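Take a look at the structure set out below.
The values are calculated or read from the model by the stated rules, or taken from the named source; none is laboratory data. From a predicted model like this one, the values you see are computed outputs, not experimental measurements. Here Cβ is always computed from backbone atoms with ideal geometry, including for glycine, and neighbour counts include all displayed protein chains.
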Amino acid sequence: MTFIKNKCMISTNMKKIFIAFLINLMAFAVINVSLAEIIKVTNIPLGPEKLKASDKASGKELWRSEIKRQILNYDGQPFLYCEENGAGVYGNDKRNKTWAYRSYFVKEGTRLIPQQVKIAFKNGKGKMISSIDKFYDQKTRKIICDINGKRKEFDFKQDVIDKENLGVCLNNYPFEEKRDLNFYLLTHEPTLYKITVKYRGQEKIIIGKNEFECHKLEMIPDLGALNIFGAFVPKTYFWFEVKPPHHFVRYEGLESGLGTPYIDIDWVK
(Lines give C-alpha, C1' and ligand atoms only; values in the text may rest on other atoms or scores of the structure.)
Protein backbone atom coordinates (compact mmCIF):
# COMPACT_ATOMS: atom_id res chain seq x y z
CA MET A 1 0.00 0.00 0.00
CA THR A 2 2.87 2.33 0.83
CA PHE A 3 4.39 1.58 -2.58
CA ILE A 4 1.13 2.40 -4.34
CA LYS A 5 0.76 5.60 -2.30
CA ASN A 6 4.32 6.72 -3.15
CA LYS A 7 3.72 5.89 -6.77
CA CYS A 8 0.61 8.02 -6.79
CA MET A 9 2.50 10.89 -5.17
CA ILE A 10 5.25 10.63 -7.79
CA SER A 11 2.64 10.56 -10.55
CA THR A 12 0.91 13.64 -9.09
CA ASN A 13 4.22 15.49 -8.80
CA MET A 14 5.11 14.61 -12.40
CA LYS A 15 1.78 16.02 -13.54
CA LYS A 16 2.44 19.24 -11.63
CA ILE A 17 5.92 19.50 -13.14
CA PHE A 18 4.54 18.84 -16.62
CA ILE A 19 1.80 21.46 -16.19
CA ALA A 20 4.36 23.97 -14.90
CA PHE A 21 6.54 23.19 -17.92
CA LEU A 22 3.65 23.83 -20.31
CA ILE A 23 2.82 27.12 -18.60
CA ASN A 24 6.45 28.25 -18.85
CA LEU A 25 6.59 27.16 -22.46
CA MET A 26 3.46 29.14 -23.28
CA ALA A 27 4.82 32.17 -21.43
CA PHE A 28 8.06 31.88 -23.36
CA ALA A 29 6.11 31.75 -26.62
CA VAL A 30 4.11 34.86 -25.64
CA ILE A 31 7.33 36.68 -24.75
CA ASN A 32 8.86 35.76 -28.09
CA VAL A 33 5.75 36.96 -29.94
CA SER A 34 5.79 40.22 -28.00
CA LEU A 35 9.43 40.76 -28.93
CA ALA A 36 8.40 41.20 -32.55
CA GLU A 37 7.65 44.80 -33.43
CA ILE A 38 6.03 46.60 -36.32
CA ILE A 39 8.06 49.78 -36.64
CA LYS A 40 6.02 52.98 -36.88
CA VAL A 41 7.27 54.93 -39.88
CA THR A 42 6.42 58.62 -39.64
CA ASN A 43 9.57 60.02 -41.24
CA ILE A 44 10.33 59.02 -44.84
CA PRO A 45 13.37 60.68 -46.45
CA LEU A 46 12.29 61.59 -49.98
CA GLY A 47 14.24 62.93 -52.90
CA PRO A 48 17.77 61.88 -53.98
CA GLU A 49 20.27 60.38 -51.55
CA LYS A 50 23.84 59.76 -52.76
CA LEU A 51 25.98 57.03 -51.22
CA LYS A 52 29.65 56.02 -51.45
CA ALA A 53 30.98 52.60 -50.43
CA SER A 54 34.60 51.92 -49.43
CA ASP A 55 36.56 48.88 -48.33
CA LYS A 56 36.76 49.05 -44.53
CA ALA A 57 40.37 47.86 -44.28
CA SER A 58 42.00 49.88 -47.06
CA GLY A 59 39.59 52.81 -47.43
CA LYS A 60 39.56 52.25 -51.20
CA GLU A 61 36.38 53.43 -52.89
CA LEU A 62 34.35 50.55 -54.34
CA TRP A 63 31.13 51.95 -55.72
CA ARG A 64 28.59 54.77 -55.68
CA SER A 65 24.82 54.83 -55.93
CA GLU A 66 21.88 57.17 -55.79
CA ILE A 67 18.55 56.43 -54.09
CA LYS A 68 15.28 58.17 -54.88
CA ARG A 69 12.04 57.75 -52.93
CA GLN A 70 8.56 59.05 -53.60
CA ILE A 71 5.00 58.46 -52.45
CA LEU A 72 2.73 57.18 -55.22
CA ASN A 73 -1.01 56.55 -55.25
CA TYR A 74 -2.60 53.62 -57.05
CA ASP A 75 -6.37 53.11 -56.97
CA GLY A 76 -6.61 55.11 -53.74
CA GLN A 77 -3.79 53.18 -52.02
CA PRO A 78 -0.56 55.08 -51.20
CA PHE A 79 2.75 53.35 -51.89
CA LEU A 80 6.37 54.16 -51.13
CA TYR A 81 8.35 53.68 -54.32
CA CYS A 82 12.15 53.40 -54.06
CA GLU A 83 14.77 53.13 -56.76
CA GLU A 84 18.53 52.84 -56.54
CA ASN A 85 21.02 52.99 -59.40
CA GLY A 86 24.66 52.20 -58.77
CA ALA A 87 27.97 51.35 -60.41
CA GLY A 88 31.38 50.12 -59.33
CA VAL A 89 33.15 47.12 -57.83
CA TYR A 90 30.45 45.08 -56.09
CA GLY A 91 30.39 41.55 -54.69
CA ASN A 92 32.89 38.79 -54.01
CA ASP A 93 34.14 38.64 -57.58
CA LYS A 94 35.37 42.25 -57.24
CA ARG A 95 34.29 43.14 -60.76
CA ASN A 96 32.71 46.32 -62.09
CA LYS A 97 28.94 46.19 -62.30
CA THR A 98 25.91 48.39 -62.65
CA TRP A 99 22.67 47.71 -60.83
CA ALA A 100 19.12 48.94 -60.59
CA TYR A 101 16.81 48.33 -57.60
CA ARG A 102 13.07 48.95 -57.81
CA SER A 103 10.87 48.39 -54.76
CA TYR A 104 7.29 49.06 -53.67
CA PHE A 105 5.89 49.23 -50.13
CA VAL A 106 2.21 49.60 -49.21
CA LYS A 107 1.69 52.56 -46.88
CA GLU A 108 -1.01 51.94 -44.26
CA GLY A 109 -0.96 54.72 -41.68
CA THR A 110 2.43 54.51 -39.98
CA ARG A 111 3.13 51.05 -41.34
CA LEU A 112 5.13 50.16 -44.47
CA ILE A 113 4.35 46.69 -45.83
CA PRO A 114 6.75 45.24 -48.45
CA GLN A 115 5.08 44.32 -51.72
CA GLN A 116 7.71 43.82 -54.42
CA VAL A 117 11.45 44.21 -54.88
CA LYS A 118 13.21 43.78 -58.23
CA ILE A 119 16.99 43.96 -58.68
CA ALA A 120 19.07 43.60 -61.84
CA PHE A 121 22.88 43.42 -62.03
CA LYS A 122 24.74 43.94 -65.30
CA ASN A 123 28.41 43.64 -66.20
CA GLY A 124 30.57 46.39 -67.67
CA LYS A 125 29.25 45.57 -71.16
CA GLY A 126 25.63 45.90 -70.10
CA LYS A 127 24.89 42.16 -70.10
CA MET A 128 22.54 40.85 -67.39
CA ILE A 129 24.48 38.72 -64.92
CA SER A 130 22.10 38.39 -61.97
CA SER A 131 18.50 39.13 -61.01
CA ILE A 132 16.45 39.10 -57.82
CA ASP A 133 12.66 39.30 -57.68
CA LYS A 134 10.82 39.20 -54.34
CA PHE A 135 7.03 39.30 -54.07
CA TYR A 136 5.23 39.64 -50.74
CA ASP A 137 1.83 37.97 -51.12
CA GLN A 138 -0.48 39.20 -48.34
CA LYS A 139 -3.29 36.83 -49.36
CA THR A 140 -1.31 33.60 -49.07
CA ARG A 141 1.00 35.04 -46.37
CA LYS A 142 4.02 33.92 -48.37
CA ILE A 143 7.14 35.67 -49.66
CA ILE A 144 8.12 34.34 -53.06
CA CYS A 145 11.74 34.89 -54.09
CA ASP A 146 13.12 34.25 -57.56
CA ILE A 147 16.93 34.40 -57.61
CA ASN A 148 18.35 33.83 -61.08
CA GLY A 149 15.44 31.52 -61.88
CA LYS A 150 15.57 29.57 -58.61
CA ARG A 151 12.52 29.89 -56.40
CA LYS A 152 12.49 30.07 -52.61
CA GLU A 153 9.58 30.77 -50.25
CA PHE A 154 9.27 32.18 -46.73
CA ASP A 155 6.37 32.84 -44.38
CA PHE A 156 5.16 36.44 -44.60
CA LYS A 157 5.65 37.51 -40.99
CA GLN A 158 3.81 40.58 -39.77
CA ASP A 159 6.99 42.40 -38.70
CA VAL A 160 9.17 41.52 -41.70
CA ILE A 161 11.35 44.23 -43.26
CA ASP A 162 12.97 43.93 -46.66
CA LYS A 163 16.64 44.88 -46.95
CA GLU A 164 15.64 47.62 -49.39
CA ASN A 165 13.57 49.37 -46.74
CA LEU A 166 15.86 48.81 -43.75
CA GLY A 167 17.34 52.32 -43.89
CA VAL A 168 13.92 54.00 -43.81
CA CYS A 169 12.76 51.83 -40.91
CA LEU A 170 15.89 52.45 -38.83
CA ASN A 171 15.52 56.14 -39.57
CA ASN A 172 12.37 55.78 -37.42
CA TYR A 173 14.09 54.03 -34.53
CA PRO A 174 12.80 55.37 -31.13
CA PHE A 175 15.96 57.41 -30.43
CA GLU A 176 14.43 59.03 -27.35
CA GLU A 177 13.67 55.67 -25.75
CA LYS A 178 16.98 54.01 -26.70
CA ARG A 179 15.44 50.55 -26.40
CA ASP A 180 15.92 47.35 -28.36
CA LEU A 181 14.00 46.74 -31.58
CA ASN A 182 13.18 43.20 -32.72
CA PHE A 183 11.93 42.21 -36.17
CA TYR A 184 12.59 39.93 -39.15
CA LEU A 185 14.81 40.98 -42.07
CA LEU A 186 14.72 39.40 -45.52
CA THR A 187 18.07 39.80 -47.26
CA HIS A 188 18.94 39.36 -50.93
CA GLU A 189 20.65 35.98 -50.35
CA PRO A 190 17.70 35.39 -49.70
CA THR A 191 17.62 34.53 -45.98
CA LEU A 192 15.12 35.52 -43.30
CA TYR A 193 16.90 36.60 -40.10
CA LYS A 194 15.61 37.45 -36.65
CA ILE A 195 17.12 40.85 -35.88
CA THR A 196 17.77 42.81 -32.72
CA VAL A 197 18.81 46.47 -32.97
CA LYS A 198 20.53 47.97 -29.93
CA TYR A 199 21.33 51.58 -29.11
CA ARG A 200 25.10 52.15 -28.71
CA GLY A 201 25.33 55.81 -27.71
CA GLN A 202 26.43 58.94 -29.57
CA GLU A 203 29.52 59.47 -31.73
CA LYS A 204 30.92 62.14 -34.00
CA ILE A 205 31.34 60.99 -37.59
CA ILE A 206 33.56 62.90 -40.02
CA ILE A 207 32.98 62.49 -43.75
CA GLY A 208 35.23 64.70 -45.83
CA LYS A 209 34.91 68.21 -44.41
CA ASN A 210 31.59 67.50 -42.73
CA GLU A 211 31.16 66.52 -39.07
CA PHE A 212 27.99 64.90 -37.76
CA GLU A 213 26.84 64.22 -34.21
CA CYS A 214 25.21 60.82 -34.52
CA HIS A 215 23.22 58.15 -32.78
CA LYS A 216 24.91 54.76 -33.18
CA LEU A 217 22.88 51.57 -33.63
CA GLU A 218 24.10 47.99 -33.76
CA MET A 219 22.20 45.36 -35.73
CA ILE A 220 22.57 41.81 -34.40
CA PRO A 221 21.22 38.89 -36.47
CA ASP A 222 20.14 35.58 -34.98
CA LEU A 223 22.15 33.10 -37.06
CA GLY A 224 20.37 30.06 -35.69
CA ALA A 225 22.70 27.06 -35.53
CA LEU A 226 25.54 29.31 -36.72
CA ASN A 227 25.29 31.48 -33.58
CA ILE A 228 28.23 29.52 -32.16
CA PHE A 229 30.33 31.29 -34.80
CA GLY A 230 28.82 34.70 -33.98
CA ALA A 231 32.11 35.96 -32.55
CA PHE A 232 33.65 35.56 -36.02
CA VAL A 233 30.91 37.48 -37.84
CA PRO A 234 31.80 41.18 -38.38
CA LYS A 235 29.71 43.73 -36.47
CA THR A 236 27.02 45.76 -38.22
CA TYR A 237 26.52 49.42 -37.28
CA PHE A 238 24.41 52.36 -38.47
CA TRP A 239 24.84 56.05 -37.66
CA PHE A 240 22.01 58.59 -37.90
CA GLU A 241 22.15 62.31 -37.18
CA VAL A 242 21.11 63.32 -33.67
CA LYS A 243 19.15 66.28 -34.95
CA PRO A 244 15.79 65.47 -36.55
CA PRO A 245 14.92 64.11 -39.06
CA HIS A 246 17.87 61.83 -38.13
CA HIS A 247 19.40 61.57 -41.59
CA PHE A 248 21.40 58.44 -42.39
CA VAL A 249 25.14 59.16 -42.16
CA ARG A 250 27.10 55.88 -42.23
CA TYR A 251 26.81 52.10 -42.41
CA GLU A 252 29.56 49.70 -41.40
CA GLY A 253 29.16 45.98 -42.07
CA LEU A 254 29.00 43.23 -44.68
CA GLU A 255 28.12 44.44 -48.16
CA SER A 256 25.16 42.12 -48.76
CA GLY A 257 25.37 39.03 -46.54
CA LEU A 258 27.69 36.41 -45.09
CA GLY A 259 30.89 36.06 -47.08
CA THR A 260 30.69 39.47 -48.79
CA PRO A 261 33.22 42.33 -48.26
CA TYR A 262 33.24 44.37 -45.04
CA ILE A 263 32.60 47.97 -46.05
CA ASP A 264 31.66 51.51 -45.05
CA ILE A 265 28.78 53.25 -46.82
CA ASP A 266 28.77 57.04 -46.35
CA TRP A 267 26.20 59.67 -47.13
CA VAL A 268 27.58 62.02 -49.80
CA LYS A 269 26.20 65.38 -48.72
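Miscellaneous remarks
- Cβ-Cβ under 6 Å pairs, at least 6 apart or on other chains, region 170-184 side without any contact (Cβ under 8 Å) to a residue 40 or more places away in the chain and farther than 14 Å from Glu241 by Cα, far side surrounded by 13 or more Cβ atoms within 10 Å (Cβ to Cβ) and among the hydroxyl-bearing types (Ser, Thr, Tyr): Lys178/Tyr199; Asp180/Thr196
- Residue within region 18-34 that is at pLDDT 50 or above and either of a type in the set (Asp, Glu) or surrounded by 10 or more Cβ atoms within 10 Å (Cβ to Cβ) (or both) present: no
- Residues (among the small types (Gly, Ala, Ser) and more than 20 Å from the chain's Cα centre (by Cα)) located in region 104-141: Gly109, Gly124, Gly126, Ser130
- Number of residues in region 140-172 that are within 13 Å of Pro114 (Cα to Cα) and basic (Lys, Arg): the value is 4.
- Of all residues in region 170-194 being surrounded by fewer than 19 Cβ atoms within 10 Å (Cβ to Cβ) and among the hydrophobic types (A, V, I, L, M, F, W, C), the one that is farthest from Cys82 (Cα to Cα): Phe175
- Residue, modelled with the lowest pLDDT, within region 223-249, restricted to residues that are surrounded by fewer than 17 Cβ atoms within 10 Å (Cβ to Cβ) and touching a Gly at 6+ places or on another chain (Cβ under 9 Å): Leu223
- Filtering region 121-142 for residues that are touching a residue at least 24 places away in the same chain (Cβ under 8 Å), under 26 Å from Val242 (Cα atoms) and either crowded, with 16+ Cβ neighbours inside 10 Å or in contact with an Asp or Glu (Cβ under 8 Å, 6 or more places away or on another chain) (or both) leaves an empty set.
- The number of residues in region 95-143 being out of contact with any strand residue (DSSP E or B) (no Cβ under 7 Å at 6 or more places or on another chain) and acidic (Asp, Glu) comes to 1.
- Qualifying residue in region 54-68 (condition: modelled with pLDDT under 90, surrounded by 13 or more Cβ atoms within 10 Å (Cβ to Cβ) and out of contact with any helix residue (DSSP H, G or I) (no Cβ under 9 Å at 6 or more places or on another chain)): no
- Verdict on Ile147 being surrounded by fewer than 19 Cβ atoms within 10 Å (Cβ to Cβ) and in contact (Cβ under 8 Å) with a residue 40 or more places away in the chain: yes
- Those residues of region 43-66 which are part of a strand (DSSP E or B) and free of Cβ contacts under 8 Å to residues at least 40 places away in the same chain, in sequence order: Gly47, Pro48, Glu61, Trp63, Ser65, Glu66
- Filter result for Gly253 (crowded, with 19+ Cβ neighbours inside 10 Å, touching a strand residue (DSSP E or B) at 6+ places or on another chain (Cβ under 7 Å) and either among the polar types (S, T, N, Q) or outside any strand (DSSP E or B) (or both)): no
- Looking at Gly86, Gly91, Gly76, just one residue is surrounded by fewer than 13 Cβ atoms within 10 Å (Cβ to Cβ) and in the same structural domain as Thr140 (by TED's automatic domain parsing), and that residue is Gly76.
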